[in-house]
Amino acid sequence: MKNLSKNFYITSPIYYVNDSPHIGHAYTSIACDILARLKRLQGFDTRFLTGTDEHGQKVQRSAEKLNKTPQEFCDLISKNFFALTELLNLTNDDFIRTTEARHQKSVVKFWKKLEERGFIYLSVYEGWYAVRDEAFYAQDELIDGKAPTGADVEWHKEESYFFKLSAFQDQLLKFYEQNPDFIEPESRRNEVISFVRGGKEYQQGALQDLSISRTSFNWGIKVPDENAKTKHVIYVWLDALVNYLSALDYADDAALYQKFWADENAFPIHIVGKDILRFHAVYWPAFLMAADLPLPKKIFAHGWWTNQGQKISKSLGNVIDPKTEINWIAESFTWPPSGAPQGFNAAKTVVDYFRYFLFREVAFGSDGNYSRPNLVQRINAELVNNIGNLCQRTLSMIFKNGEIVDVSGYQAGSELLKKCEELIADALIKINDLQFEAGIQNIISCASSCNLFLEQNAPWNLKKLGKVTEMNLVLTTVANALKMIALVLQPVVPHLSLSMLDLLQLKEVRADQLFTRLSAGHKIAEPKVIFPKLA
Ligand code: MSP
């Protein structure tokens, strides 16, 4: 283990409250949770933040449609996002809402800092605005009269404060060059660089200054300027991005802020969808440079899920609701799961199946297609038949007929364990690197090798032949591999992994015990089904 001094600060985007939680929200949040759980397992100080983005025209309009005040509306919908953190078994340390006082205080402090340092000026904004994206677009960015994202645009002409984004072009490019891992994956990094360079797909020459206040509606944080002729509210993206600081009590320069943002050991990582990368990788660093504050260490942009190959959208009515999917998986058990013990936690098992599928099916960073048949196929093939079966047959034989022995001098076993150790060590590197799918692939390969080893060494025959010592060597070898598998899977499927560790009677093990061997005479618990099959 290296760099134990790093303080990881892992953030999801904060979600707009105009919508109900969908698969996109679940996806980013679980990704953060996997990384946070892994960092904790490795002994790092870790903080995981998520929350809701509650200001702006989009939210104001949604509230009006329901005849609610914006605040009432936000209180109502934010609860659904909070409930999602519980449903998905997320370990977030905080949940920020941009209507909270702690946030407003930080945003005002941040604005004043930008102003003091001369990066804000008053002028008039004239151009296109897409309420759905809460984003401004240049004329030459429009495609068939719509935003490049397909959102409708409206023409705006209003007095506005501007941020001198154009002043940061060189500084940003230099920063990307000096920090090649700042934006990942690499293809996305290249897109950002070409945007900042004013590459020909944007045809803008240089970066344009950014409008950072609005006057045509009022649901937002007021610009702290009593002299302005009109009442301005702060542009919702500037407001929203500051959440990463306000949740650390930046306004009060708290110890949390020092530890997870300002210190040299602080390691803030923002995990976002590809659609909001520009805000995080261009505007946010420029704001921070202007305020003379440290920048985050990494921005990772993941891909999008489609539904049967189609873009997911409310208008197409094909939105995937994580709750519905989780309930659907629960209904796919043959109920009660055969061999499942009393007190079997179906709810947590199902959530883990869902988590597993999302991060196994597609490489994080690529787009993927959500499909129930694929989910069933993967869970049954990889979790139930591969890992579950391995766990069940190995531990049952040890519990009933054998014991954990010292395997250090057992040649065939050492070879298998060496192979598993390599796969699992590499899985750990990959998951740390947000290559979840590749990491999980290694774990599955490890389980497959163990199943093959069992077939080849057939401990059930050794038992019949009375070769108990050999049988114990074979079984203990696999039990040691199961320990590695359970541990390294823990961030992805926490409940299933803890259930395996319970059977192995290993409590509170950490990543540095990954490759230690079970000691001779170690007792295990009576095996029970952990991975019920989906019909
Ligand atoms: N409020 C802003 C973020 C502000 S962060 C300072 C926002 N909110 S959002 O509710 O629209 O959505 C957020 C996240 O969901 C984004 O990361 C987006 O990429 C993700 N997804 C939305 N639809 C998605 C899919 N179909 N698939 C995967 N992720 C998707 O943007």
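The values are calculated or read from the model by the stated rules, or taken from the named source; none is laboratory data. Just so you know, these numbers come straight off a predicted model, no measurement behind them. When we count neighbours, we look across all protein chains shown, and the Cβ atoms used for this are built from the backbone with ideal geometry, even at glycine. Side chains included, ligands, DNA and RNA excluded: accessible areas come from the protein's heavy atoms. Shrake-Rupley method; radii C 1.70, N 1.55, O 1.52, S 1.80 Å.
Residues that are touching a strand residue (DSSP E or B) at 6+ places or on another chain (Cβ under 9 Å), more than 8 Å from the ligand (Cβ to nearest atom) and in a helix (DSSP H, G or I) within region 258-283 comprise 258, 259, 260, 261, 277, 278, 281, 283, listed in sequence order. Restricted to region 242-257, and to residues that are part of a helix (DSSP H, G or I) and buried (at least 23 other Cβ atoms within 10 Å of the Cβ), which residue is farthest from the chain's Cα centre (by Cα)? Within region 242-257, the match that is farthest from the chain's Cα centre (by Cα) is 250.
Residue check: is residue 416 closer than 28 Å to residue 470 by Cα and either over 26 Å from the mean Cα position of the chain (by Cα) or open to solvent by 40 Å² or more (accessible area, probe 1.4 Å) (or both)? When the stated conditions are applied, residue 416 passes them. Scanning region 479-520 for residues that are open to solvent by less than 40 Å² (accessible area, probe 1.4 Å) and part of a loop (DSSP other than H, G, I, E, B) gives 490, 491, 492, 493, 504, 506, 509, 514, 518. Does region 329-347 contain at least one residue that is modelled with pLDDT of 95 or more and in contact with a Lys or Arg (Cβ under 8 Å, 6 or more places away or on another chain)? No, region 329-347 contains no residue that is modelled with pLDDT of 95 or more and in contact with a Lys or Arg (Cβ under 8 Å, 6 or more places away or on another chain).
The test for being open to solvent by 10 Å² or more (accessible area, probe 1.4 Å) and without any contact (Cβ under 8 Å) to a residue 24 or more places away in the chain does not hold for residue 402. Quick check on this structure: which one of 463, 528 is assigned to a helix (DSSP H, G or I) and of a type in the set (Lys, Arg)? After applying the criteria, what remains is 463. Just give me the residues in region 521-535 being of a type in the set (Gly, Ala, Ser) and surrounded by 11 or more Cβ atoms within 10 Å (Cβ to Cβ), in sequence order. 525, the sole residue that qualifies. Out of all the residues in region 32-48, which are within 16 Å of the ligand (Cβ to nearest atom) and within 15 Å of residue 268 (Cα to Cα)? Across region 32-48, the qualifying residues are 32, 33, 35, 48. Just wondering, is there one or more residues in region 300-317 that are of a type in the set (A, V, I, L, M) and within 27 Å of residue 45 (Cβ to Cβ)? Yes; the residues of region 300-317 include at least one that is of a type in the set (A, V, I, L, M) and within 27 Å of residue 45 (Cβ to Cβ). Residues that are more than 8 Å from the ligand (Cβ to nearest atom) and among the aromatic types (Phe, Trp, Tyr) were ranked within region 285-314; the one that is nearest to the chain's Cα centre (by Cα) is 300. Comparison of 475, 504 shows that the only residue that is in contact with a His (Cβ under 9 Å, 6 or more places away or on another chain), in contact (Cβ under 8 Å) with a residue 24 or more places away in the chain and among the aliphatic types (A, V, I, L, M) is 504.
Residues in region 160-171 that are open to solvent by less than 40 Å² (accessible area, probe 1.4 Å) and touching a strand residue (DSSP E or B) at 6+ places or on another chain (Cβ under 9 Å): 160, 161, 162, 163, 165.
Screening residue 174 with (1) among the basic types (Lys, Arg); (2) touching a residue at least 24 places away in the same chain (Cβ under 8 Å); (3) exposed (fewer than 15 other Cβ atoms within 10 Å of the Cβ); (4) part of a helix (DSSP H, G or I) gives one miss only, at (2). Within region 222-241, the set of residues being within 14 Å of the ligand (Cβ to nearest atom) and either of a type outside the set (D, E, K, R) or open to solvent by 10 Å² or more (accessible area, probe 1.4 Å) (or both) comprises 234, 235, 236, 237, 238, 240, 241.
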